[in-house]
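Notes to accompany the following structure.
Every number here is computed from the coordinates shown, using simple stated rules; none is lab data. Nothing here was measured: the structure is a model prediction, and the numbers come from that model. Neighbour counts run over all protein chains shown; Cβ positions are idealised from the backbone, glycine included.
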Amino acid sequence: MTFYGGDELAKVYDDALAEGFGLVASNVAEPNVLVGLMEGAARVDSDLLLQLSSGACSFAGNGDPVAGLQAMGTYAELVADQYDVGVFLNMDHQTDLEFVRTQVGLDRRFPSSIMIDASHEPFEENVATTREVVEMVAEAETDILVEAELGRIKGVEDEIVADEAFYTDPEEAVEFVDRTGCDLLAISVGTQHGVAKGKDLELRPDIARDVHEALEDHGLSIPLVLHGSSGILPEQLQELLQYGICKVNKDTHYQYEYTRTAFDYFREHEADLLPPEGVADDRDDFFNESAWAPNKDHFDPRV
Ligand code: 13P
Ligand code: G3H
Ligand code: NA
Ligand code: ZN
């Protein structure tokens, strides 16, 4: 059995925090990417942290997020047994407390952790919502870890301007962790979600350092989380890992790699894949890469 819950995941984060490494959290929405990730993790003998957003659950469940979570969780659980690596499942960017309640109440080995994202709310509301999930998990007597977010990461929360206000404030982080009792904290240090990052990201590792040190000074040290990590260079990541970042969220990277692999396969086998007589030939649209990689000139999601 290699599919683990929150207690084991907490041990991994303890080591990550003490030793300065990070666990990549990889978004999946369907089995192809999931199996590819397990294959990759087994090859390099690494633990694997999968994550599902609400949208991914809805996609996998054909509109029913609970069905999608059960389906993907069960799939991951059964396939994980073929590999000699530890597999964990995090619920990414949750905003619906009723769906969260269902996740907490599942009598399954998953999820290992849940991210409640009320970062778009004012500070007090963010504290209250996060606190509610921490209490929900405690009352259910599960070992599920709770991740929260303070500060705003651009992309999903699109209309936010990239000024100083959008980064996480270290003193607020101390108050937030103290009052909510969350197990992990996602902070904003200038990354953005998705492919539209551009090359003008202003990364602020100093903010990760200040948040990490402020938490440490108050005896509240917990693993920090970097969202929007596709396209972040290894040397940029290396620096952030020194400052308490223990979880590195990647989504776009995998979807890009999967789409590119399919694209290359179809291009290579184009002659064998000619549509039968009388069926419309829409290959011109399909082979137009700009249709599915619109920002390729500004950002390299393969990193
Ligand atoms: P990217 O899609 O930019 O890698 O962000 C992933 C993420 O933060 C998932 O929570
Ligand atoms: O499971 C069967 C597939 O969905 C069929 O796909 O219509 O491209 O052959 P196809
Ligand atoms: Na957010
Ligand atoms: Zn994210």
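Summary of values
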{"quantity": "Under the span-like rule (Cα at least 20 Å along the axis, Kyte-Doolittle mean at least -1.0), DSSP H helices of the chain", "calculated": "65-80, 123-139"}
{"quantity": "Extended-chain gain in nm, criterion 0.36 nm per residue less alpha-carbon gap, GLU216 and GLN242", "calculated": "8.0 nm"}
{"quantity": "Exposure proxy ranking, count of Cβ atoms within 10 Å, fewest first, for MET91, MET38", "calculated": "MET38, MET91"}
{"quantity": "Tail weight of P(r) past 17 Å, computed on alpha-carbon pairs of segment 61-116, percent", "calculated": "36"}
{"quantity": "Pairs of lysine residues in the chain - Cα separation under 21 Å, sequence separation of 8 or more or cross-chain", "calculated": "12"}
{"quantity": "Segment 1-126: C-alpha gyration tensor shape, a/c 1.5 cut-off, then a/b vs b/c", "calculated": "oblate"}
{"quantity": "Estimated inter-spin distance, HIS120 and VAL85, nm [label 7 Å along Cα→Cβ]", "calculated": "3.2"}
{"quantity": "Calculated log₁₀ intensity ratio I(q)/I(0) where the Debye formula runs over C-alpha points of segment 8-53, q = 0.15 Å⁻¹", "calculated": "-0.43"}
{"quantity": "About the Cα centre, charge dipole magnitude for the chain (Lys/Arg +1, Asp/Glu -1 at Cβ), debye", "calculated": "520"}
{"quantity": "Under DSSP loop assignment and at most 14 Cβ neighbours within 10 Å, longest GluC sites (Glu not before Pro)-free interval of the chain", "calculated": "1-140"}
{"quantity": "Three principal axis lengths of segment 106-149 [C-alpha, angstrom, descending]", "calculated": "33, 16, 12"}
{"quantity": "The chain: C-alpha pair distances exceeding 35 Å, %", "calculated": "19"}
